[in-house]
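To start, the structure under review is shown below, and the notes come after it.
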Number of protein chains: 2
Amino acid sequence: MPVKIEIIAVGDELLRGYYTENNSTYISRMLGSAGIDINRISVVPDEAEAIADALAEAMSRSGMVIVTGGLGPTIDDVTREAAITALGGGVEMREDILETIERRYEAYGRKVPKGYERHMAVPSGAIVLANNVGAAPGLKVERDGKMLYLLPGVPAEMKAMFTSSVLPDLTRLGAGRTLILRTCGLSESEIEERLRGVLDEAQFKSLSIISSVAGVDCYLGPGLWDDGTHQAVDRELGSFLYAAGDLKAEEICVKLLTGTGRTLATAESVTGGFLASRITGVPGASGVFIEGFITYGNEAKIERLGVSRKSLESRGAVSEEVCVQMAEGARERTGSDFVLSTTGIAGPGGATEAKPVGYCFIGLATAEGSYCTNVMLGGGRDTVRGRVASIAIDLLRLELKGHSERLDPMRVGRDDGRLGS
Amino acid sequence: MPVKIEIIAVGDELLRGYYTENNSTYISRMLGSAGIDINRISVVPDEAEAIADALAEAMSRSGMVIVTGGLGPTIDDVTREAAITALGGGVEMREDILETIERRYEAYGRKVPKGYERHMAVPSGAIVLANNVGAAPGLKVERDGKMLYLLPGVPAEMKAMFTSSVLPDLTRLGAGRTLILRTCGLSESEIEERLRGVLDEAQFKSLSIISSVAGVDCYLGPGLWDDGTHQAVDRELGSFLYAAGDLKAEEICVKLLTGTGRTLATAESVTGGFLASRITGVPGASGVFIEGFITYGNEAKIERLGVSRKSLESRGAVSEEVCVQMAEGARERTGSDFVLSTTGIAGPGGATEAKPVGYCFIGLATAEGSYCTNVMLGGGRDTVRGRVASIAIDLLRLELKGHSERLDPMRVGRDDGRLGS
């Protein structure tokens, strides 16, 4: 039976909802991909009693407890004191801790603030974990075969210490990796339907299917899949599967473009820069991304991209005709191999009966012709913008991967006999 | 003494770190701004025993417990059963629940899936909370003067039910609102220094100062401030304070532009569309945002914005000269009242000794001249892009608010005697 692991995040600010508690997300993700499941996450305030209670409960339930936060020098940092209480009160004075902190401050030419003297008092038998990013050290204590880790709350310090001092202790517990399957273009129930036939009962029970603006992700529990399953799942999901692993679709596109020396530009209306921002967020994007146009108004569409005024007047800015003209106009002007274009109604304003909020077009211009797809999306402004960007990136992926069976129905001018060509 | 409130979020996927648990963030934020602090947040797996244990502990500690998730029709949804156990086992069969679910499915012309029959069994004495967004109803139970709420895990369903059925019960507990102060341009310690003089001990102790890419936010505890404090804080933070309340800087800019009938365009390099995306994310932005240029490559800067090839060669793309030419070129071409421009090194590649990762320029062109500021930012690619966008938006705010004392030192050509004009 695998050891149970809990996380306790300490901090008043985490209980007020203004900041998302991301330290436990980071730790559980790191452990999750090593095949280790977290048993419970608790968020508690900066109060010694609340922390000590949570710690004692966690130690009684689980074999390993990781605490983040409350190790700093100020009066509200009481995690160390709470740990001493929860572990039975034994204290040890470690002068080397203060010496290390003093050396760190001296290196910056500053004097150590008073509060750090408290750092010398640690639970007896504790091992000091070096902090290479900040001042406060971490601690590791073993009691009755159970492990307790105290880590700083500052994310950069926590991550560095977790990677260097905790992860090596934990990875040997792993049961294997979780299989992550990222899809775009299928609904949750369509995926469930397709996978039901190829997974056995235990696998199917471990399956988590979760939607986001990027698409639908599936998680298959650690130790529950092999190469055979992997191949069967690949077959069932086909071109809808864009990644088996922790990759973003835009990362895949940038890599494919880089590998073949081709270039990309964008011509956005409804996404207002969000599509380009997703792509330029990938390190190395500057090697393939040439330029983006955010033609929000009609005049910009005409001036910058050569969209015809007649099309804007007769079909409207949210139409296949304008979407394709945007992509083709940008391609002509930039010389990019590919251009993605978007137009639509993000809401809350701008909707009509014929073109409600969520009504959008996504286009792709290539040297061999253009593609366009029309979608009707639910959700608010952020969701519509996010999903349009995801569909655009997926359109490019389908082109780069040569999935013509998916692209052909979107080919512009398919009525002129090119359908299925 | 205020009632203690806990949140329990149920779901295996929340313990694997692939999805950030946002339901408890939402609830604690809603309660936090009503002056109610959360006592503890727990995240537990889809296991009846783990849920029942967490529930019993929470009910013994706190006066009010809100559970999200595990109310659906599938076999892993066991929150209702766990609640029955934790509350002592009493069950009541409520056929009206199934009837409501049946009517909902019938309205969509579909048959109710089998799993929903289990929904009829509820803890005795439970009040059914209507779900106007999805199928699974919520439940509300009182036991020994303590309240338990069971809400769905799907965020849209949870939020709708929380707002309609939980919040009205809770707001009467509030001690007032938390004061949120949003700043840009000061460090955490500079803010602490400025506020130390105007806050009393209780206020200062309740103060949370937290950085994000948008700037530094301060939270002053509920019931701990009055109009006098508010004015003193306003005075101390001056033009660095951009909002007292839950507003984004880009929302303030769009509102100020809308109110005065002026327009904005962007010319981005390092932010790659993220700046425009922040602005166009604001509902109604299309009324003031004309157009954006994402001139990632040098040729695009020359072709689209008229940046001089000589400046690019002698000063480089990351220079004040090019940044200002980008803004002014875009202003000339679009006729916008204002243009924001960005150029810099986001990393991880592209750095040189003279221009390391984080070295960036932000420009603003107006009818009365241009401004430019040079910053050196820490953090990785996302942080650099995010902070540059925030500084750009703040530059526009300073202009729209007429803070010339802050803008003058950034005026381009200030060496020609215009300094301090």
Test of understanding: among B:Gly88, B:Gly109, which residue is at pLDDT 90 or above, surrounded by fewer than 13 Cβ atoms within 10 Å (Cβ to Cβ) and more than 35 Å from the chain's Cα centre (by Cα)?
B:Gly88
Considering only the stretch A:307-323, I want to know if a residue exists there that is touching a Gly at 6+ places or on another chain (Cβ under 9 Å), more than 14 Å from chain B (Cβ to nearest Cβ) and open to solvent by less than 50 Å² (accessible area, probe 1.4 Å).
yes
One residue is enough: does the stretch A:336-351 have a residue meeting the conditions part of a loop (DSSP other than H, G, I, E, B), closer than 16 Å to A:Thr295 by Cβ and touching a Leu at 6+ places or on another chain (Cβ under 9 Å)?
yes
Counting only residues that are in a loop (DSSP other than H, G, I, E, B) and touching a residue at least 60 places away in the same chain (Cβ under 8 Å), which one in the stretch A:1-25 is nearest to the other protein chains (Cβ to nearest Cβ)?
A:Asn22
Is it the case that B:Ser286 is in a helix (DSSP H, G or I), at the interface with chain A (Cβ under 9 Å from one of its Cβ atoms), open to solvent by 10 Å² or more (accessible area, probe 1.4 Å) and among the polar types (S, T, N, Q)?
yes
Within the bounds of the stretch A:202-209, is there any residue that is open to solvent by 20 Å² or more (accessible area, probe 1.4 Å), out of contact with any His (no Cβ under 6 Å at 6 or more places or on another chain) and assigned to a loop (DSSP other than H, G, I, E, B)?
yes
Within the set of pairs 6 or more residues apart or between chains, which connect a residue that is β-branched (Val, Ile, Thr) inside the stretch B:100-111 to a residue that is in a helix (DSSP H, G or I) and modelled with pLDDT of 85 or more with Cβ atoms less than 8 Å apart?
B:Ile101/B:His119
Among the residues in the stretch B:30-53, are any of a type in the set (Asp, Glu) and under 22 Å from the mean Cα position of the chain (by Cα)?
yes
Quick count over the stretch A:197-220, residues being small (Gly, Ala, Ser) and at the interface with chain B (Cβ under 9 Å from one of its Cβ atoms), is 3
Starting from the stretch A:63-87, take each residue that is within 23 Å of A:Val3 (Cα to Cα) and list its partners that are surrounded by fewer than 23 Cβ atoms within 10 Å (Cβ to Cβ) and basic (Lys, Arg), counting only C-beta distances under 7 angstrom and pairs at least six apart or across chains.
A:Gly63/A:Lys4; A:Gly63/A:Lys146; A:Met64/A:Lys146; A:Leu87/A:Arg143
When you check B:Ala50 against the structure, is it within 10 Å of another protein chain (Cβ to nearest Cβ), of a type in the set (Gly, Ala, Ser) and within 16 Å of A:Ala58 (Cβ to Cβ), yes or no?
yes
Out of the stretch B:51-68, which residues are of a type in the set (Gly, Ala, Ser) and modelled with pLDDT of 95 or more?
B:Ala52, B:Ala54, B:Ala56, B:Ala58
Name every residue in the stretch A:261-274 that is more than 7 Å from chain B (Cβ to nearest Cβ) and either buried (at least 24 other Cβ atoms within 10 Å of the Cβ) or among the hydrophobic types (A, V, I, L, M, F, W, C) (or both), in order of residue number.
A:Leu264, A:Ala265, A:Thr266, A:Ala267, A:Glu268, A:Ser269, A:Val270, A:Thr271
Got at least one residue in the stretch A:143-154 being more than 38 Å from the chain's Cα centre (by Cα) and open to solvent by 60 Å² or more (accessible area, probe 1.4 Å)?
no
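The values are calculated or read from the model by the stated rules, or taken from the named source; none is laboratory data. Predicted, not measured: the structure shown is a model, and the values here were computed from it. Using ideal geometry, Cβ is built from the backbone for each residue, glycine included, and neighbour counts are taken over all protein chains shown. Remember, those area values only see protein heavy atoms, side chains included, never the ligands or the DNA or RNA. Shrake-Rupley method; radii C 1.70, N 1.55, O 1.52, S 1.80 Å.
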